[in-house]
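The values are calculated or read from the model by the stated rules, or taken from the named source; none is laboratory data. On a predicted model such as this, the values are computed, not experimentally measured, just so you know. In this analysis, Cβ positions are derived from the backbone assuming ideal geometry, glycine residues included, and neighbour counts consider all displayed protein chains. Ligands, DNA and RNA are stripped out before the accessible areas are found, and what is left, the full protein with its side chains, is counted by its heavy atoms. Shrake-Rupley method; radii C 1.70, N 1.55, O 1.52, S 1.80 Å.
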Amino acid sequence: MTNDALTNFLESLKTDVINSLQANGKMATGQTAEQITVISDGDSAQLQLPAYIQLLETGRGPTGSNPTAGNPTMIDRIKAWCQAKGIPDKAAWAVKKSIDKKGFKGVSGILSEPLSDDNINLRLNPATENIADTIAQQILDSLTI
């Protein structure tokens, strides 16, 4: 039962991150939102975010020498973005070259606001109350047996 409360808490944070992406115009293909998952097994649960999501907030510098290819590759992600935005596919290479040369600016708050202490506390309070109620009930049940 306590794992359900933890999973619900993490699902609410997941929803907050997705809503933040939408509110800040970062949901062209929906691929990033699909990669945000809550993994639960037994007594633990995790909110997993794609590694590149931090770049949406902090931005990215120019591409260094000998970069490691991502999966999917940068050009594939840019092509999907271009398609979702109605930009001709041939423009993807120009976008990639611009990012390679100049990087791009991030949007402050995309990740830091939904994962702020205030929001976490707001979302965590119902979960901890649920866990405390469950534990209290288990104690009471054990006393009456």
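Criterion applied to Asp89, Asp118 was being of a type in the set (Asp, Glu), outside any loop (DSSP other than H, G, I, E, B) and open to solvent by 40 Å² or more (accessible area, probe 1.4 Å), and the one residue passing it is Asp118. The set of residues from segment 53-86 being within 18 Å of the chain's Cα centre (by Cα) and either part of a loop (DSSP other than H, G, I, E, B) or among the basic types (Lys, Arg) (or both) comprises Gly59, Arg60, Gly70, Asn71, Pro72, Arg77.
Contact map, segment 1-22: first residue modelled with pLDDT under 90 and of a type in the set (A, V, I, L, M, F, W, C), second residue buried (at least 18 other Cβ atoms within 10 Å of the Cβ) and not in a helix (DSSP H, G or I), Cβ cut-off under 7 Å, separation 6 or more or different chains; pairs are Leu6/Ala45.
The set of residues in segment 2-41 being over 22 Å from Leu122 (Cβ atoms) and open to solvent by 60 Å² or more (accessible area, probe 1.4 Å) consists of Lys26, Thr29, Glu34, Gln35, Ile39, Asp41. Within segment 42-51, if we keep just the residues that are outside any strand (DSSP E or B) and either at pLDDT 90 or above or touching a helix residue (DSSP H, G or I) at 6+ places or on another chain (Cβ under 8 Å) (or both), the residue that is most open to solvent (accessible area, probe 1.4 Å) turns out to be Asp43. I'm told Gly109 meets every condition in (1) closer than 29 Å to Ser12 by Cβ; (2) open to solvent by 50 Å² or more (accessible area, probe 1.4 Å) except one. Can you identify the failing condition by its number? (2) is the only condition that Gly109 fails. Look at segment 118-145: where a residue is farther than 17 Å from Thr7 by Cβ and a partner is open to solvent by less than 100 Å² (accessible area, probe 1.4 Å) and of a type in the set (Asp, Glu), sitting 6+ places away or on another chain with Cβ atoms under 8 Å, you get Asn119/Asp16. Restricting Ala94, Ala45, Ala33 to those that are in contact (Cβ under 8 Å) with a residue 40 or more places away in the chain and among the aliphatic types (A, V, I, L, M) reduces the list to Ala45. Condition check for Leu124 on (1) in a helix (DSSP H, G or I); (2) touching a Cys at 6+ places or on another chain (Cβ under 7 Å): one failure, at (2).
Of all residues in segment 1-41, those being farther than 18 Å from Met74 by Cα and outside any loop (DSSP other than H, G, I, E, B) number 27.
Across segment 1-29, the qualifying residues are those that are small (Gly, Ala, Ser) and out of contact with any helix residue (DSSP H, G or I) (no Cβ under 9 Å at 6 or more places or on another chain), and the one among them that is nearest to Cys82 (Cα to Cα) is Gly25.
Looking across segment 52-77, just one residue is open to solvent by 40 Å² or more (accessible area, probe 1.4 Å), of a type in the set (A, V, I, L, M) and at pLDDT 85 or above, and that is Leu55.
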